[in-house]
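Working notes, structure below.
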Amino acid sequence: QVQLVESGGGLVQPGGSLRLSCAASGSIFSINIMGWYRQAPGKQREVVASITSGGSTNYADSVKDRFAISRDNAKNTVYLQMNSLKPEDTAVYYCNARIHVVGRSYTQNYWGQGTQVTVSS
């Protein structure tokens, strides 16, 4: 019923920038918090940044002052602008959203399929 589709990953040189997008679609009544996570090979998935429906944001210490999360509530879309990328930012990036589906009295957690970000010279 609900799908999250990410785009914008790729290969970039150290110091470069990328912008990730994640669009939610389906029978959506409302979306609470949206966020980005990442998982590097051999490591656990970790939160990168999150944003509430009101626009309050939180960031992992490792990406503060380099990454910026934003959302367009009208489009049910969340973005992650990544600047000054480092090789250690290389990972699969996943979009996450807590969604209130039409006809249900509770929210559910949804994940995107992931998009690869590789930072290398």
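Answer with yes or no whether PRO14 is at pLDDT below 95 and either within 15 Å of the chain's Cα centre (by Cα) or not in a strand (DSSP E or B) (or both). The answer is no for PRO14. Going through (1) of a type outside the set (Asp, Glu); (2) touching a Gly at 6+ places or on another chain (Cβ under 6 Å); (3) surrounded by 13 or more Cβ atoms within 10 Å (Cβ to Cβ) one by one, GLN3 falls short only on (3). Number of residues in region 109-121 that are open to solvent by 50 Å² or more (accessible area, probe 1.4 Å), closer than 25 Å to GLY55 by Cβ and in contact (Cβ under 8 Å) with a residue 60 or more places away in the chain: the value is 1. Every condition in (1) over 19 Å from ARG19 (Cβ atoms); (2) open to solvent by less than 40 Å² (accessible area, probe 1.4 Å); (3) assigned to a loop (DSSP other than H, G, I, E, B) is met by ILE99 except one, and the failing one is (3). The set of residues in region 9-63 that are over 26 Å from TYR106 (Cβ atoms), open to solvent by less than 30 Å² (accessible area, probe 1.4 Å), among the small types (Gly, Ala, Ser) and touching a Phe, Trp or Tyr at 6+ places or on another chain (Cβ under 9 Å) comprises SER21, ALA60. Residues in region 73-107 that are of a type in the set (Val, Ile, Thr) and either modelled with pLDDT of 95 or more or out of contact with any Lys or Arg (no Cβ under 9 Å at 6 or more places or on another chain) (or both): THR77, VAL78, THR90, VAL92, ILE99, VAL101, VAL102. Can MET82 be described as buried (at least 16 other Cβ atoms within 10 Å of the Cβ) and over 17 Å from VAL119 (Cα atoms)? Here the answer is no, as MET82 does not meet what is asked. When we screen SER120, SER62, SER70, SER50 for residues that are small (Gly, Ala, Ser), at pLDDT 95 or above and within 14 Å of ARG19 (Cα to Cα), the only hit is SER70.
The values are calculated or read from the model by the stated rules, or taken from the named source; none is laboratory data. Values in this document were obtained by computation on a predicted structure and should not be read as measured data. Quick reminder, even Gly has a Cβ in these numbers, built from the backbone with ideal geometry, and neighbours come from all protein chains shown. Note: accessible area is taken over every heavy atom of the protein model, side chains too, but ligands, DNA and RNA are not part of it. Shrake-Rupley method; radii C 1.70, N 1.55, O 1.52, S 1.80 Å.
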